[in-house]
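Working notes for the structure below.
Bear in mind that the values in this text are calculations on the coordinates, not laboratory data. All values reported here derive from a predicted model rather than from experimental measurement. Heads up, the Cβs are rebuilt from the backbone with ideal geometry, glycines too, and the neighbour counts pull from every protein chain shown.
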Amino acid sequence: MSDAAASLDRLAVALADEREALLGHDVEALMRSTQAKLVALRELEGRAADARAGDIAGPLAELAELNRANGALLARRRREINWALRHLGRSEGAPAYDASGRAERSLGPRELAVA
């Protein structure tokens, strides 16, 4: 097995692990798999000159599609989290500073329900 093929295999494993972490809501596994993915990509970049383009183009295109699918999953998770935060009275888009440049203080807790 060539060095480029080994790097492709490591990338495939990292992408599969990333997908499992996203589906399982496992943040620590997601961080590990993302790091492994970045390492495999750096290896591939370093070995691209050594490998024939035709040898890795097909598998690399398949892995790029897996990466896009993982990105879509990640975007969906982010939307779900932002929705939950909005309904809890928090928002990433909320300003952190008031007009005078001081940290904004909330006036009190937001009521989620009225009895």
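Among His87, Ala16, Ser33, whose Cα projects farthest towards the positive end of the dipole of the range 3-87, with charges put on the beta-carbon of Lys, Arg (+1) and Asp, Glu (-1)?
Highest projection toward the positive end goes to His87.
Given points 7 Å out from each Cα along the Cα-Cβ axis, report the Ala75 to Ala57 separation in nanometres with one decimal.
2.7 nm
Roughly how many nanometres apart are two label points built 7 Å out from the Cα toward the Cβ at Glu65 and Leu88?
The modelled label-to-label distance comes out at 3.7 nm.
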